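These notes concern the structure reproduced below.
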Amino acid sequence: MKTRLHLLLFSLVTSLFISCGNADDDVNFNINPGGDLGIGKPVDDCLNLGENDLILSIQDKFTTLPGKVSIFFRVSDAQGTPVAGLTADQFTIYEQGRNDECFNTISTSESFARISPNSQIFSNNTLLVLDLSNSVLSNSLNELKSASISFIDNVMPESSQESFKMAIYWFDGEDKLHLLQPLTPVKEELTLAVEGITQDISNDPSTDLYGAVIKSTNIAEDLLDDARANATISAASIVIFTDGTDQASRYSERDALQKVENADLNISFFTIGLGAEIDAEVLSDIGRTFSVFAGNKEELESTFNDISFRVSERANSYYLFEYCTPKRDGSGVNNLAIQVIDGSRQGAVQTEFNATGFTGGCQ
């Protein structure tokens, strides 16, 4: 397995070097089938760290005078499964300045390295998108409401946090993604919204599944753009439930799948299918992060719980790692590598930072 992974990583990095050789920043590297690994590049061979069992996906990086380096990243295994709960003592920092032949290890204690609370710079938004076409309203509405409330309980923190919000949308056959509950950090508001769903909520019995995929992706991307405009790093999860296939034919399957494929890498896509009338292959393609299927309405809550665990796990696999660098003004651009060790697994990623203006001390 490791040999295959190493060869695949090598070939992909080689092709990316050819296609992105003029890039000034980190290159994209994707070694899982979903291509959802963000930015970064493999560490220099001189470190001889070995093959990666864990993938550190750098989402953003910034420096703060007089000498703090902050790296915001996500950790997953080689199959793309999120890795949550890591602590600062599991990370090792390596730096390489312009006069260094290879990287030097930076003491995590002397550099005051820490995993910092990311709530001030990171927002995580979940969009729960429910199929409320006639088949659902007639046959499984109570089970869907119960499963949705369980999902909300599992995903949302016990006490409201502005960095964790959820919105609920629904679709039927109309060319519209209906808003049931605007984005909120308050669990009770979400629950009340679900409890208020009635059988007469829809006026169109058809199913505009592809339209819901496209419109919810647009909403998620707008949320990420708004966060960046406010100097906040953001991630979003889209969770789509349906009990059938697209019947409205307002949009094509190709358009929906391309929308998912080309979406911001900080958007995760989950799908939940119910019953025998779904197209499992299409739903799996839409749910590029993870998909689950319930054979009947009695299994619906357990499948929602499965997805809720994965949504929470992914949200908690983002880390803000900060440390005080010994590099100083005049050393210019420096290479930086971060390694994480979790039991028998390890992984590392390389990037760079500019030490211009850095002096002693760190805040």
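The values are calculated or read from the model by the stated rules, or taken from the named source; none is laboratory data. If you're wondering where the values come from, they're calculated on a predicted model, not measured in any experiment. Using ideal geometry, Cβ is built from the backbone for each residue, glycine included, and neighbour counts are taken over all protein chains shown. The protein model used for the area step is the full one, side chains on, heavy atoms only, and it has no ligands, DNA or RNA in it. Shrake-Rupley method; radii C 1.70, N 1.55, O 1.52, S 1.80 Å.
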Leading residue by the ranking (farthest from Thr198 (Cα to Cα)) among those in segment 136-151 that are surrounded by 23 or more Cβ atoms within 10 Å (Cβ to Cβ) and not hydroxyl-bearing (Ser, Thr, Tyr): Phe151
Contacts under 6 angstrom Cβ, first residue in segment 37-60 being closer than 15 Å to Phe321 by Cα and part of a strand (DSSP E or B), partner among the basic types (Lys, Arg) and at pLDDT below 90, 6 or more apart: Ser57/Arg74
Elements of type strands (runs of 3 or more DSSP E) contained in segment 96-211, each with 1 or more residues being closer than 30 Å to Gly330 by Cβ and under 26 Å from the mean Cα position of the chain (by Cα): 114-116
Scan of segment 237-260 for residues that are in a helix (DSSP H, G or I), open to solvent by 50 Å² or more (accessible area, probe 1.4 Å) and in contact (Cβ under 8 Å) with a residue 40 or more places away in the chain, ordered by number: Glu253, Asp255, Lys259
The one condition in (1) surrounded by fewer than 18 Cβ atoms within 10 Å (Cβ to Cβ); (2) touching a residue at least 12 places away in the same chain (Cβ under 8 Å) that Phe321 fails to fulfil: (1)
Given (1) under 20 Å from Lys61 (Cβ atoms); (2) buried (at least 19 other Cβ atoms within 10 Å of the Cβ), number of the condition Thr303 does not satisfy: (1)
Within segment 306-345, considering residues that are among the hydrophobic types (A, V, I, L, M, F, W, C) and more than 21 Å from Arg98 (Cα to Cα), the one farthest from the chain's Cα centre (by Cα): Ile341
